[in-house]
1. Report relative contact order for chain B in percent, whole number only (criteria: Cα-Cα under 8 Å, sequence separation at least 6).
2. With a ≥ b ≥ c taken as the square roots of the eigenvalues of the C-alpha gyration tensor of segment A:43-97, please select rounded if a/c is under 1.5 and otherwise prolate if a/b is larger than b/c or oblate if it is not?
3. What is the average number of partner chain Cβ atoms found within 10 Å of a Cβ in A:208-217?
4. Quick one: order A:20, A:77 by neighbouring beta-carbon count within 10 Å, fewest to most.
5. Please state the Cα pair-distance histogram of segment A:193-287 with 10 angstrom bins from zero: what percent is in each bin?
6. Going by average Cβ density within 10 Å per residue, which order do the peptides A:47-56, A:198-207 take, highest to lowest?
7. For segment B:28-87, just the Cα set please: Rg and Dmax, both in angstrom.
8. Could you work out the mean count of beta carbons from other protein chains within 10 Å of each residue's beta carbon in B:90-97?
């Protein structure tokens, strides 16, 4: 029976392809693929149906299916195109086969349906697998990219290091932050670390806990942490949640935090020329160059 | 196994280079206190750079040593705690709240000097 069915499909493949194309074109109008050019759509349909027919004949290797799915994935066509296409194919093929059989009772219908299913199923499975593999690949790439961005550490001066945090902090990221922070403190010989949470949208008890743990660990290494970038709404949530940050210096902006860090490390910023002097110079020398005279220099006191 | 305690002016330097077991830690505590007593040292630096594991008991002993030395008039600074060690301690909930720390021996000595200079 199975072989017969296969033969029937192969014999009538022209009719099947025709009906299938008609159906699939109907789908196009009301559906996702409406912005794809007719030509490309036609071409891919042709290929798709060939792939189906080949793999039903048993002549098409799995490579054929794989090549096709690779191309569809590369074009960014949705998975539903594939599944719809195969469902339509099943329906069309069933119709045509049932037309060939003179006497249709429930048994033959049942058997035809089951056999068609067994023919179409492997293709569906393989195509869906290809799709999910490609998705997982994308997701894992994105995760790596995200991790690279998740805990940068910037040594701005001798002994002062800044870690700007952006985005929500979950447990996994908090762990990563802590590791990076501690390694960075050792590597850069940092005395003060500024943790900037300007870009952290929500600070709940869990985030606070993680931050607190990180700062405590930094203290054990022998460096100081300053928490900066605390926005008004963050301050409100912290107090409302009853989180105690009292033994951790906090500042509203990175600038203020940096000043505190300079104080701790016994440093100060000294302006070499003040503005009025620069102005005098400019007025005195009409040919005065436009170079920046406002050099600031860092001095260790 | 005894841990050597070195005297430098009125400081004591200890570099712990073995894995601390409970008995060694207790011996160390006694030795150090005796040494502080005999040398009348005013500052102690305990360097933990080569220590890779600190369990809760060792942490408690270290915390105790700091408080005890404080009582005897010697300031203690722990230096060179490794990132992994710090992380485990924090995860165990051991915060060593009253223990001064520094990044390395040099900064530890500076810190002692600052605290005692004033």
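Coordinate-derived values only; no laboratory data. Everything quoted here is computed from the prediction, not taken from an experiment. Please note: Cβ atoms are built from the backbone with ideal geometry, for glycine as well, and neighbour counts cover all protein chains shown.
1. Relative contact order for chain B comes out at 25 percent.
2. oblate
3. Mean shielding by partner chains, rounded to a whole number: 3.
4. So the ranking, lowest neighbour count to highest, is A:77, A:20.
5. The percentages, shortest bin first, are 14, 37, 21, 12, 10, 6, 0.
6. Highest to lowest by the protection proxy: A:47-56, A:198-207.
7. 11.9, 36
8. Taking the mean over all residues of the peptide, I get 4.
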